[in-house]
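Shown next, in structure tokens, is the structure this report addresses.
The values are calculated or read from the model by the stated rules, or taken from the named source; none is laboratory data. Just so you know, these numbers come straight off a predicted model, no measurement behind them. Every residue, glycine as well, gets a Cβ built from its backbone with ideal geometry; the counts of neighbours run over all protein chains shown. Heads up: the accessible areas ignore ligands, DNA and RNA and are worked out on the full protein's heavy atoms, side chains in. Shrake-Rupley method; radii C 1.70, N 1.55, O 1.52, S 1.80 Å.
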Amino acid sequence: MKNRVNPKEADNIIKALEGGIVPRKGIQHLLVGRNEEVQEVISILDSINNGESDIRFWVGDFGSGKSFMLRTIESIAVQKNFVVSTVDLTPTRRFYASDGKARALYSEIIDNIIVQTFQDGNAINTILEEWINRIIMDISKRENMSMNELLTIENKELVENEILNVTSSFNSVGLSYELGQAIAKYYEGVVENNRVLRLKALRWIRGDINTKTEAKRELGIERIVNDDNWYDAIKNLAELFSDIGYSGFVINFDEAVNLYKLPLARTRERNYERILNIFNECKSNTARGLFINFGATRKTVFDENRGMSSYGALKGRLGTEDSMDSKLLNTNRTVLPLKPLSVEEIYTLLENLNNIYNVHYKENISMTTEHIKMYMEEQLNRPGAAEFLTPRAVIKDYLEILDLIRQNPDESIENIMCEKFGRQPMPVTKDEDNKDDEIEVL
């Protein structure tokens, strides 16, 4: 590995992989075979930092590395000072709904926000507090006032006006005024040491206030985030993050297959229509400072009966499935196939995983080149390997073998792999038989 994994990263990686999920931290230690894709992501992030917007669909079969790619994008973006949120689409969280399911998606996006200084989710209040502190410092210098003076009821209007000046300058109007009001109320809660008021303001920002009546009564705000306007709120937040010093807003939508699984054709169509709207705005830079990614199966994107391609206007923008199988590399496209890792790349991945496993369990298991070659031969000889041999399957089985080696130290690695793959144990050599006989005689 280029960088030695530390114990905390190793713990996070192994526990996540053992649970069948992609680790959030330390993912760079597992990154192999995606150099061109990573360079493309870096290029896009640089353009987002300059005020543009973009969208990408990362397409592959189950276990091919879609979630891994989204986590990689998350890791790169966080290091480049982006605000990032990665969420799973589910039957109860989708792009279009009339019963709160679209607002639930918005709330999940906000709850999963991370930044470089706070990578455990729920970073929205950290972002607000950092920005408010910066506003207070700027006003303090400009007005020659102490920061303590600005943290008083008498002078809170100075800070509130600064907040509203920023939110009123957005290209996308949407809920910008109401967002400014909510942040001003959050600041008021800071000044008054009123935790309840701060929580109410955060509830508005998170989309947790259900009615206009409640928003008006509790915060004096006329509108709320709902199923119809949640994407406007996202665009407002993207502009806010850019204006207050972040590089932009990256949102990753995983498990897009759940849109494909929606039973009603009309519901699927409405969701694809919303994705088309997002596609158009990201490609035309109407949404400023926003980068959106989807993790999707081929059917989710290209199936003309239930997939995104069943919506005519979206189909024309996504291209054809045939282009996914081209041997020519082209990362400058909106729909990107996640091609299988080569045998050499998988070898490197397993070698890295061995090292991470040893750090996590404080072991010294050494899988030689021959051991890994034997393991890969067994995997490739399985029926249907060409279709079903994915990074997820390779990693899962490999971790199980490492577990068996760790917990059965008296068994040889060769015999453990034979047992794992249902083969006869390695035969004992003649010399070993003679040695045993000699011991018995003695």
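Summary of computed values
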quantity	calculated
The chain: relative contact order in percent, alpha carbon pairs under 8 Å with at least 6 residues between	22
Residues listed by number, the range 19-33, amide nitrogen under 16 Å from K396 label point at 7 Å toward C-beta	19-23
GluC sites (Glu not before Pro) restricted to DSSP loop in the range 300-404 with at most 13 other C-beta within 10 Å	E304
Portion, in percent, of the accessible area of the chain that falls on carbon or sulfur, probe 1.4 Å	46
Using a Förster distance of 25 Å, the FRET efficiency for T267-R298 (Cβ separation, nearest 0.05)	0.70
Estimated inter-spin distance, R406 and N305, nm [label 7 Å along Cα→Cβ]	4.5
Cα-based Lys proximity count in the range 279-424, under 28 Å, for pairs eight or more positions apart or on separate chains	21
GNM result for the chain, Cα springs below 10 Å: residue of V196, V115, V159 fluctuating most strongly	V196
Most mobile listed residue (I21, I114, I153) in the chain, GNM with C-alpha springs under 10 Å	I153
Calculated log₁₀ intensity ratio I(q)/I(0) where the Debye formula runs over C-alpha points of the chain, q = 0.08, 0.09, 0.10, 0.11 Å⁻¹	-0.56, -0.68, -0.80, -0.92
In Å, descending, principal axis extents of the Cα set of the range 210-264	40, 35, 13
Whole-number accessible area per residue in Å² for the range 1-108, which is evaluated in the context of all protein chains at 1.4 Å	41
Set of lysines with alpha-carbon distance to K200 below 26 Å, sequence-local pairs under 8 removed	K101, K156, K185, K212, K216, K235
Square roots of five times the Cα gyration tensor eigenvalues for the range 1-138, Å	25, 22, 18
Residues with amide H under 5 Å from that of F294, placed H, sequence gap 5 or more	R56, F57, W58, F253
Volume of the Cα convex hull of the range 288-408, divided per residue and given in Å³	171
